[in-house]
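Structure, as structure tokens:
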Amino acid sequence: MQTTEVNDPYLRIEPAEIKALEDKYLFSTYARSDFYVSHGSGAHVYDLAGRRYLDFLSGIAVNSLGYSHPRLIRVLLAQGKKLIHCSNLYYHAYQGMLAKKLADISGMSKVFFTNSGTEAIEAALKIARAYARLNGCETKSAILALKNAFHGRTFGALSITAQEKYQAPFRPLLPDVDIVEDVTVSALEKAFTDRVCALVVEPIQGEGGVVPLPADFLQTARLLCTRYNALLVLDEIQSGMGRTGKFFAYQHYGVEPDLVTLAKSLAAGYPLGAVLGHARVAESLKPGEHGTTFGGGPLACRLALEVLDVIEDERLLARVTELGQYLKQGLQGLASRHRSIGEIRGMGLMIGVDLGSLAKETVSRLLNRGIIANAAHNTVLRLLPPYVISQAEIDEFLRVLDVVLTEIETEPTPNTGAGV
């Protein structure tokens, strides 16, 4: 059992019982690792037996400030005693202040708060359709998205998530969605027509393998959206809130979006998402045309305000840039010794290492050695460590990865039984 003293009676449970309960009562939507999380501190999490793991995934880009950050704990306890939820029929102190901060750092004008990233995408799609109709374009309803994108799992978001494994079980999906099959300027130009109301892209495709979009592609996207009076929607759910060394990945490209979606690390572990809109779309939604019960609640917004303050006070954007370069250099050093390492790509502390068919096995062996990572697109080692990671902890990760890759590369190739 866990080593920390806990008074919660629900934690007096063995791993086998946890698994049995989930197997019996939960829909089987996750292929979980045999890993039972107890608590966390800094860049580490602990299992129920008290074993410590270095987290290079951050809850899939959520725990940007690591675990048990003292300022977040202080705010969580203080606000939890005052007000956790109030209806959006009324005002509370923090929603407007958070909206202003997000508008200031993004260059946007309006904000709608949600509970998750997929809900932010759904709101963005509604705004795009509403904007077209507001401008007298009733037939302007087509939405463009990219191959290998991931935008969420609800029907609208899933319809623009152009990966077969996600879409196949749920067709037919929404109509009026067209997929740009090649991430090239010519393919994008060919896809645009007067019927397009929005182009939705991730500046860095996360689930698609940590693939930054080419600068000329994103800049052309802006030009085409302006020419056709369509909205450029940038999905920063994974790449936003400082993960790339700037608050938003699009700020590396010098491109101004019409809508930006956020979630994941917005409240650094507490559920909160948002769609940010440029002034030109500010009148697209009227009272009663969209809403949410929990989005933008007082506890979530107060935590997000503290996250933004911590990023500023601890100068974490510069830290992310510096540590991202340090991690990339270390990975490039390993690449000179390991034939299994292909392309290394990404920005800041959002890095992908192409390992081909070895990615999943590498993730499994890293976990066995106390390192949490993830395989994106089945072939890419995805690294999303918290911003509070240290150089010493990066060195620890690199040492373990070196050992794991050496093991895999030196093992004999399994005999398939084929022969003459």
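The values are calculated or read from the model by the stated rules, or taken from the named source; none is laboratory data. Because the structure is a prediction, the values reported are computed rather than measured. In this analysis, Cβ positions are derived from the backbone assuming ideal geometry, glycine residues included, and neighbour counts consider all displayed protein chains.
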When the range 219-251 is examined, which residues are found to be aliphatic (A, V, I, L, M) and either under 30 Å from Leu303 (Cβ atoms) or buried (at least 24 other Cβ atoms within 10 Å of the Cβ) (or both)?
Ala221, Ala230, Leu231, Leu232, Val233, Leu234, Ile237, Met241, Ala249
Name every residue in the range 346-365 that is within 22 Å of Ala392 (Cα to Cα) and either of a type outside the set (Ser, Thr, Tyr) or out of contact with any strand residue (DSSP E or B) (no Cβ under 9 Å at 6 or more places or on another chain) (or both), in order of residue number.
Gly346, Met347, Gly348, Leu349, Met350, Ile351, Gly352, Val353, Val363, Arg365
Single condition Glu322 does not satisfy, out of (1) within 26 Å of His69 (Cβ to Cβ); (2) in contact (Cβ under 8 Å) with a residue 24 or more places away in the chain; (3) not hydrophobic (A, V, I, L, M, F, W, C):
(2)
What number of residues within the range 377-412 are crowded, with 19+ Cβ neighbours inside 10 Å and not in a helix (DSSP H, G or I)?
11
For residues in the range 79-118 being within 15 Å of Val307 (Cα to Cα) and touching a helix residue (DSSP H, G or I) at 6+ places or on another chain (Cβ under 7 Å), which is surrounded by the fewest Cβ atoms within 10 Å (Cβ to Cβ)?
Met97
Residues of the range 108-146 being among the basic types (Lys, Arg), touching a residue at least 40 places away in the same chain (Cβ under 8 Å) and more than 14 Å from Gly291 (Cα to Cα), in sequence order, are Lys110, Arg129, Lys140
If we scan the range 126-136, do we find a residue that is assigned by TED's automatic domain parsing to the domain that holds Val400, farther than 21 Å from Tyr250 by Cβ, surrounded by 20 or more Cβ atoms within 10 Å (Cβ to Cβ) and not β-branched (Val, Ile, Thr)?
no
From the list Thr139, Thr184, Thr226, Thr193, which residue is within 24 Å of the chain's Cα centre (by Cα) and over 19 Å from Thr118 (Cβ atoms)?
Thr184
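Select, from His377, His338, the only residue that is in contact with a helix residue (DSSP H, G or I) (Cβ under 6 Å, 6 or more places away or on another chain) and not hydrophobic (A, V, I, L, M, F, W, C).
Selected residue: His338, the only one of His377, His338 that is in contact with a helix residue (DSSP H, G or I) (Cβ under 6 Å, 6 or more places away or on another chain) and not hydrophobic (A, V, I, L, M, F, W, C).
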Checking Leu48 against (1) at pLDDT 95 or above; (2) crowded, with 18+ Cβ neighbours inside 10 Å, only one condition comes out false. Which one?
(1)
With the requirement that a residue be of a type in the set (D, E, K, R) and either modelled with pLDDT under 95 or in contact with a helix residue (DSSP H, G or I) (Cβ under 8 Å, 6 or more places away or on another chain) (or both), what does the range 393-408 give you?
Asp395, Asp402, Glu407
Pairing a residue in the range 34-60 that is free of Cβ contacts under 8 Å to residues at least 24 places away in the same chain with any residue that is aliphatic (A, V, I, L, M) and crowded, with 19+ Cβ neighbours inside 10 Å, where Cβ atoms lie under 7 Å and the two sit 6 or more apart in sequence or on different chains, gives Val37/Val45; His44/Leu54
Quick check on this structure: which one of Phe112, Phe35, Phe27 is touching a strand residue (DSSP E or B) at 6+ places or on another chain (Cβ under 7 Å) and part of a loop (DSSP other than H, G, I, E, B)?
Phe35
Return the only residue of Leu76, Leu98 being in a helix (DSSP H, G or I), touching a strand residue (DSSP E or B) at 6+ places or on another chain (Cβ under 9 Å) and in contact (Cβ under 8 Å) with a residue 60 or more places away in the chain.
Leu98
Gly330 being small (Gly, Ala, Ser), in contact (Cβ under 8 Å) with a residue 60 or more places away in the chain, farther than 18 Å from Ser106 by Cβ and not in a loop (DSSP other than H, G, I, E, B)
yes
Is at least one residue of the range 248-262 more than 21 Å from Thr220 (Cα to Cα), in a loop (DSSP other than H, G, I, E, B) and in the same structural domain as Leu98 (by TED's automatic domain parsing)?
no
Criterion violated by Ile372 - all others in (1) out of contact with any Phe, Trp or Tyr (no Cβ under 6 Å at 6 or more places or on another chain); (2) among the β-branched types (Val, Ile, Thr); (3) surrounded by 19 or more Cβ atoms within 10 Å (Cβ to Cβ) satisfied:
(1)
